[in-house]
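Reviewing the structure listed below.
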Amino acid sequence: MEFFRIKKDIPFMSYGRYTTTISLVTFLFAVFFLATKGLNLGIDFIGGTVVEVHYAQPADLVKVREQLAAVGMPDALVQNFGSSHDVLIQVPLKQGLAGAKLSEHVLEGLRKHDTGVEMRRVEFVGPQVGRDLIENGALALLLVSLGIIGYLWLRFEWKFGLAAILANMHDVVIILGFFSFFQWEFSLSVLAAVLAVLGYSVNESVVVFDRIRENFRNMRKTEVTEIIDNAITRTMSRTIITHGSTEMMVLAMLILGGETLHYFAMALAIGILFSIYSSVLVASPLLMLFGVSREDFIKPEKTEAEEVLP
Amino acid sequence: MNRYPLWKYLLILAVLLAGLIYTLPNFYGESPAVQVSPLRASLKADAALLERVEKILKAASLAPEVAALDGNSVKARFADTDNQLKAKDVLVGQLGDDYMVALNLLSRSPPWLTNLHALPMYLGLDLRGGVHFLLQVDMKAALDKALEAATGDIRSALREQKIAYSGVSREGNMLLVKFRDAEARGKGEAEIKQRFNDYALNAKEAGGEFMLQATLKPEAERRIQDSAVQQNLLTLRNRVNELGVAEPVIQQQGADRVVVQLPGVQDTARAKDILGRTATLEVRMVDDEHQITPGAAAPFGTDMFKDRDGNLLLVKKQVILTGERINDAQPGFDSRNNEPAVHINLDGVGARKFKEASRENIGKRMAIILFEKGRGEIVTAPVIREEIGGGRVQISGQMNTMEAQDTALLLRAGALAAPMEIIEERTVGPSLGADNIKRGFDSTKIGFIMIAVFMIAYYLMFGTISVLALGANLLLLIALLSMLQATLTLPGMAGIALTLGMAIDANVLINERIREELRNGVTPQAAIHAGYDRAFGTILDSNITTLIAGIALFMFGSGPIKGFAVVLCLGILTSMFSAIMISRAMVNLVYGRKARLTKIAIG
């Protein structure tokens with residue numbers, strides 16, 4: 001079986017104008033949503049308390065809200081979590097009440113009316129911790145980016161490093177754009193997924209770049225655009241198959257992994273999908289833009305200086 | 001060209017065998033167990049304790065599946081939770097206060113595996129259920145306490161040396177000592193310099209007053225903060241023991257934070273209560289006038305307490321000192337006879353009070369009592385030999401080094417050095433933990449099956465080999481995680497699934513290369529060789545970038561995210577080995593020996 005029996009190279013580079021436009025538009029949309037709606041940051045980053053409880057019978061959310069309002073928490077966010085029996089309660093940070101006590105307060109308030117309430121999970125993050133996590137997250141992102149640029153620079157050339165990281169930062173912004181548009185909760189694990197995608201999708205660019213370098217060596221007389229087209233066409237089959245495999249895993253996680261992994265898997269799923277597109281159709285045009293040439297790999301042979309002999 | 005030397009096959013076989021052995025314990029599951037650990041440093045878990053535990057259990061006709069010594073505790077495994085709980089109650093009743101009896105889970109794997117240190121993966125709190133607290137130590141309070149103590153100490157030091165001063169006050173982080181004239185200041189400076197090494201001094205004149213500014217040296221500040229955290233750690237450890245948690249984690253994180261992890265604890269309210277409690281210490285005189293009548297109430301004006309050996313003692317109600325006056329307590333040795341001793345350092349007020357009390361009570365016994373949970377216990381009751389001034393007290397006689405350490409710890413741990421606040425809590429109930437394991441496992445299984453079906457259909461023989469290599473990868477990854485006892489969290493399980501999905505990339509790269517070579521008209525043997533050869537560089541490159549992301553996540557991630565990063569990094573390493581070495585070995589075994597190979601099954 002073979003899906004991609006392509007005889008002639010697909011002229012990807014001549015579509016460059018369209019693909020760049022598409023990227024630019026999605027990118028700008030993502031930036032627009034991030035700027036106007038912002039991210040729905042989870043309690044990992046802004047602090048607060050989350051309590052997940054399980055009821056033996058389907059829970060009545062209206063009643064739960066009333067019960068919480070009765071114990072002084074009218075601002076609690078109450079929603080179902082995964083099933084009608086499970087309820088997620090989110091309470092923002094409060095000045096007066098010590099944060100760690102809040103969860104007990106919530107559970108007491110609920111148990112007054114139904115003793116069978118089962119505590120599934122409690123998360124409390126104080127404001128200091130949230131600040132630290134944001135800082136560490138930003139540092140990790142910076143470190144990953146610099147590490148990748150540095151490695152690609154060492155391995156190829158600065159043009160490749162820059163093209164790859166720009167293409168993949170574009171993925172990251174688009175993932176964030178999705179989270180902003182749908183107002184999905186952006187938690188610590190989503191950040192981890194985003195960074196993993198960054199590392200993973202750079203793979204893609206590396207494979208294409210490897211081929212481009214090989215082509216520069218083997219196809220001496222060919223134009224740069226043709227060299228890139230050939231490299232993309234010949235790696236396309238592999239790109240789609242490996243990403244398909246990884247995507248299968250991630251989709252299994254998205255469907256079967258439960259609520260806790262839901263957004264983590266979602267970020268991975270979107271990220272992997274876009275990384276196929278960006279590494280092929282964003283990184284390579286960028287490479288062209290930076291003016292990659294054969295001389296970047298093959299040092300022109302030094303012609304020996306003419307000697308005048310007596 | 002596609003043959004491996006024998007040693008390579010043997011190496012791969014050995015690695016796979018080791019992988020299998022270390023993965024095995026994960027299949028046996030865990031059974032409920034009780035764990036008995038001594039609470040005092042002077043007691044050791046030894047064969048005698050094991051025998052005692054066995055005897056107690058036998059007397060209660062409870063038969064543990066296994067009872068064994070493990071580290072500094074005795075563990076007994078039972079078939080069900082019912083017996084486990086019964087055993088715990090019996091043991092708590094019979095062993096008394098010196099031992100902690102905790103509920104635990106113990107691997108059911110056979111002893112030969114345990115002897116090889118092959119243990120099941122260490123599950124994180126989000127998978128096994130439990131509480132995670134992050135506590136912040138109030139460093140400002142620790143410094144305040146030190147400065148407060150120094151203010152009093154400087155006053156009494158100057159008074160002792162009869163140096164005229166007009167006042168010692170605190171201004172922010174600085175102590176201000178005022179003198180009437182320059183001469184007094186000169187003497188004072190010399191005295192303070194000698195006795196208070198931690199302070200940097202600066203002479204100043206203002207408004208006709210001669211002043212000395214004393215500020216804490218930065219290294220002293222660091223030391224005070226450090227010892228505050230250390231002392232809080234000790235206190236927390238003592239308190240957690242009381243909760244009966246089998247494998248608590250109590251660690252310093254950063255400069256001023258403490259992580260407390262209590263696997264299996266459900267009653268978070270009680271845990272918070274105990275962690276936040278303040279124990280108090282009191283010094284009182286022993287009452288020798290009255291007789292102890294066991295069972296009867298203590299005579300008027302006295303209280304009856306037990307000492308650490310269980311003997312009853314009467315002490316007066318009047319309190320000489322409280323634990324707040326103790327700056328430090330360290331185990332050491334008596335300088336005269338080299339016997340183990342505890343050195344206590346009191347603050348200025350404490351020193352003065354102690355001096356008075358010791359002068360009036362020479363030859364009598366005083367008791368140091370620790371109050372916790374509203375119950376008092378006499379830590380030690382030494383005889384006063386002489387008047388003790390200067391705030392340095394030594395307790396010695398009839399104790400060994402271990403007991404000296406215990407006593408010093410109790411004196412110090414009586415109270416927290418600085419207040420702590422819970423700034424993060426993550427609690428996972430046991431039902432959610434079990435659900436998380438099942439979900440993580442299910443999604444990995446389904447994902448793996450889908451990939452396997454596709455690979456075999458698409459690449460035939462080479463697909464089958466790729467899938468086998470992927471299976472070997474999973475085996476090695478789980479073995480490595482078990483071997484390192486790295487904490488497996490839910491994101492970690494997701495990491496396993498993700499690395500499997502990514503690992504197949506290497507085999508796809510190789511297989512595609514081989515197909516391409518074949519298409520270019522190369523013979524099958526040469527195509528296999530070139531495929532593996534050329535794909536190698538690309539595989540290396542692409543894995544290194546993911547590794548960079550993994551390492552960054554490990555460095556900056558916390559808790560579950562760290563678990564994800566560990567799996568990601570280890571998964572990359574095992575996938576390189578299995579995708580390149582193991583799959584190549586299989587290809588070589590299948591095709592390598594055929595000299596005239598005309599066709600290979602690669603789809």
- [ ] Considering each of B:Ile504, B:Ile514, B:Ile539 in turn, give the residue that is of a type outside the set (Asp, Glu) and in contact with a Pro (Cβ under 9 Å, 6 or more places away or on another chain).
- [x] B:Ile514
Task: In region B:103-123, residue nearest to the chain's Cα centre (by Cα) [restricted to those that are closer than 28 Å to B:Val90 by Cβ and among the polar types (S, T, N, Q)] - done: B:Asn104
- [ ] Examine region B:531-542 for a residue that is out of contact with any helix residue (DSSP H, G or I) (no Cβ under 8 Å at 6 or more places or on another chain) and more than 9 Å from chain A (Cβ to nearest Cβ), and state whether such a residue exists.
- [x] yes
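Which residue, of A:Glu157, A:Glu135, is assigned by TED's automatic domain parsing to the domain that holds A:Leu281, charged (D, E, K, R) and either surrounded by 21 or more Cβ atoms within 10 Å (Cβ to Cβ) or at pLDDT 85 or above (or both)?
On the way: A:Glu157 fails: either surrounded by 21 or more Cβ atoms within 10 Å (Cβ to Cβ) or at pLDDT 85 or above (or both).
Just one listed residue meets the conditions, A:Glu135.
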Task: strands (runs of 3 or more DSSP E) lying entirely in region B:203-284 (those with 1 or more residues that are over 19 Å from the mean Cα position of the chain (by Cα) and within 30 Å of B:Gly301 (Cα to Cα)) - done: none
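Is there a residue being part of a helix (DSSP H, G or I), within 13 Å of chain B (Cβ to nearest Cβ) and in contact with a strand residue (DSSP E or B) (Cβ under 9 Å, 6 or more places away or on another chain) anywhere in region A:111-127? Before you say what the answer is, go through the steps one by one.
Taking region A:111-127 as the starting set, the residues that turn out to be part of a helix (DSSP H, G or I) are A:111, A:127.
Going one step further and asking which of them are within 13 Å of chain B (Cβ to nearest Cβ), we end up with A:111, A:127.
Now narrow it down to the ones that are in contact with a strand residue (DSSP E or B) (Cβ under 9 Å, 6 or more places away or on another chain): A:127.
Yes, there is a match, as at least one residue in region A:111-127 is part of a helix (DSSP H, G or I), within 13 Å of chain B (Cβ to nearest Cβ) and in contact with a strand residue (DSSP E or B) (Cβ under 9 Å, 6 or more places away or on another chain).
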Task: Some residue of region B:482-493 being surrounded by 23 or more Cβ atoms within 10 Å (Cβ to Cβ) and facing chain A (nearest Cβ under 8 Å) - done: yes
Task: Enumeration of residues in region B:435-471 that are away from chain A (no Cβ under 11 Å), surrounded by fewer than 24 Cβ atoms within 10 Å (Cβ to Cβ) and among the small types (Gly, Ala, Ser) - done: B:Gly471
TODO: Please state which one of A:Gly48, A:Gly42, A:Gly38 is of a type outside the set (Phe, Trp, Tyr), under 21 Å from A:Leu188 (Cβ atoms) and surrounded by fewer than 14 Cβ atoms within 10 Å (Cβ to Cβ).
DONE: A:Gly38
Task: Matching entry among A:Met219, A:Met248 (being farther than 20 Å from A:Ile22 by Cβ and more than 10 Å from every other protein chain (Cβ to nearest Cβ)) - done: A:Met219
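Among the residues of region A:80-105, what is the count of those that are among the charged types (D, E, K, R) and either at pLDDT 80 or above or not assigned by TED's automatic domain parsing to the domain that holds A:Arg120 (or both)?
Of region A:80-105, the ones among the charged types (D, E, K, R) are A:86, A:94, A:101, A:104.
Next, from what is left, pick out any that are either at pLDDT 80 or above or not assigned by TED's automatic domain parsing to the domain that holds A:Arg120 (or both): A:86, A:104.
So the count comes out to 2.
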Task: Tally of residues being in a helix (DSSP H, G or I), buried (at least 20 other Cβ atoms within 10 Å of the Cβ) and within 8 Å of chain A (Cβ to nearest Cβ) across region B:545-562 - done: 10
TODO: Name every residue in region B:187-217 that is in contact with a Phe, Trp or Tyr (Cβ under 7 Å, 6 or more places away or on another chain) and hydroxyl-bearing (Ser, Thr, Tyr), in order of residue number.
DONE: B:Thr215
TODO: Would you mind telling me which numbered condition in (1) of a type in the set (Val, Ile, Thr); (2) surrounded by fewer than 20 Cβ atoms within 10 Å (Cβ to Cβ); (3) at pLDDT 85 or above B:Val74 fails?
DONE: (2)
Task: Hey, B:Phe196 touching a helix residue (DSSP H, G or I) at 6+ places or on another chain (Cβ under 8 Å), crowded, with 16+ Cβ neighbours inside 10 Å, under 16 Å from B:Glu148 (Cα atoms) and touching a residue at least 12 places away in the same chain (Cβ under 8 Å) or not - done: yes
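Please specify each residue of region A:24-56 satisfying the condition of being polar (S, T, N, Q), away from chain B (no Cβ under 14 Å) and touching an Asp or Glu at 6+ places or on another chain (Cβ under 9 Å). Give the steps one after another, and end with the answer.
Initial filter on region A:24-56 (polar (S, T, N, Q)): A:26, A:36, A:40, A:49.
Remaining after also requiring away from chain B (no Cβ under 14 Å): A:26, A:36, A:40.
Listed by number, the list holds a single entry, A:Asn40.
Here's the yes/no breakdown for (1) under 28 Å from the mean Cα position of the chain (by Cα); (2) surrounded by fewer than 20 Cβ atoms within 10 Å (Cβ to Cβ); (3) away from chain A (no Cβ under 14 Å); (4) modelled with pLDDT of 90 or more:
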| position | (1), (2), (3), (4) |
| --- | --- |
| B:Phe564 | yes, no, no, no |
| B:Gly571 | yes, no, no, yes |
| B:Ser575 | no, no, no, yes |
| B:Ala579 | no, no, no, no |
| B:Arg584 | no, no, yes, yes |
| B:Asn588 | no, yes, yes, yes |
| B:Gly592 | no, yes, yes, no |
| B:Leu597 | no, yes, yes, no |
| B:Gly603 | no, yes, no, no |
Task: Every residue from region B:494-530 that is among the β-branched types (Val, Ile, Thr) and within 11 Å of chain A (Cβ to nearest Cβ) - done: B:Ile496, B:Thr499, B:Ile504, B:Val508, B:Ile510
Open item on the list: Checking A:Asp229 against (1) under 28 Å from A:Ile43 (Cβ atoms); (2) crowded, with 20+ Cβ neighbours inside 10 Å; (3) acidic (Asp, Glu): exactly one of these is not met. Which one?
Closed with: (1)
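In the list A:Leu166, A:Leu139, which residue meets the criterion of being of a type in the set (A, V, I, L, M, F, W, C), more than 14 Å from chain B (Cβ to nearest Cβ), assigned to a helix (DSSP H, G or I) and out of contact with any Pro (no Cβ under 9 Å at 6 or more places or on another chain)?
Values: A:Leu139 fails: more than 14 Å from chain B (Cβ to nearest Cβ).
Answer to the selection: A:Leu166.
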Task: Evaluation of B:Asn400 against (1) at pLDDT 75 or above; (2) surrounded by fewer than 16 Cβ atoms within 10 Å (Cβ to Cβ); (3) under 26 Å from B:Asp288 (Cβ atoms); (4) not hydroxyl-bearing (Ser, Thr, Tyr) (one fails), failing number - done: (3)
Task: Residue among B:Ala141, B:Ala102 that alone is touching a residue at least 40 places away in the same chain (Cβ under 8 Å), of a type outside the set (Val, Ile, Thr) and closer than 30 Å to B:Gly310 by Cβ - done: B:Ala102
Open item on the list: Can you pull out every residue in region B:435-456 that is over 30 Å from A:His54 (Cα atoms) and without any contact (Cβ under 8 Å) to a residue 12 or more places away in the chain?
Closed with: B:Ile449, B:Met450, B:Val453, B:Phe454, B:Ile456
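The values are calculated or read from the model by the stated rules, or taken from the named source; none is laboratory data. What you see is a predicted model; the values in this text were computed from it and never measured. Positions of Cβ are generated from backbone atoms using ideal geometry, with glycine treated the same way; all protein chains shown enter the neighbour counts.
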